[in-house]
Amino acid sequence: MPQLDRVIIFSQIFWLFLIFSTLYIVLTHFFLPLFLKLLKSRKQIIESNSLEVSNLNEKAILKQLLIKQKLLSKLAVIEAFLYESYKFQKYFKNNQQTILIDEKISIASINYLLYCDNLILKNVLLYPKFLNSKV
């Protein structure tokens with residue numbers, strides 16, 4: 001069989017080892033560090049984005065709590081004013097009606113704050129960070 005001839009097989013083994021060893025050295029020396037840097041940079045980007053998201057979530061929660069506190073304090077002022085008002089007591093003698101009115105006012109104001117607040121809508125990022133830069 002000519003493919004198993006001793007003269008031919010040794011040259012083929014030599015070139016096989018030479019080509020694979022050079023490819024291995026080139027890949028491990030030049031391309032592997034590039035791939036590792038790429039993976040490391042992607043991991044850092046993901047970590048920084050997750051930290052930024054958690055910071056934004058904390059800020060949004062704090063803003064929501066502040067808005068709820070302000071809303072409750074203003075509703076308490078309105079409630080006190082309405083209870084002290086003689087005209088209000090004259091028209092609504094039943095306390096159940098005032099509770100219904102207070103509930104409707106609070107639901108309307110909470111819905112307005114949740115869905116129509118421009119400050120909250122401006123804080124929602126819809127594009128990559130470089131497109132949100134303010135000029």
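List of remarks:
- Local electrostatic count, residue 105, Cβ distance below 11 Å [Lys/Arg +1, Asp/Glu -1]: -1
- Simple rule: put +1 on each Lys or Arg Cβ and -1 on each Asp or Glu Cβ in the range 1-74, find the dipole, and look at 62, 11, 46; the Cα lying farthest toward the positive end is 62.
- Table column - 3J(HN,Hα) (Hz), the range 66-80, Karplus curve with 6.51, -1.76, 1.60, x for Gly and Pro: 5, 5, 5, 5, 5, 4, 5, 5, 5, 5, 5, 5, 5, 4, 5
Read-outs throughout are calculated quantities, based only on the coordinates presented, and are distinct from any laboratory measurement. Source: prediction; values computed, not measured. In this analysis, Cβ positions are derived from the backbone assuming ideal geometry, glycine residues included, and neighbour counts consider all displayed protein chains.
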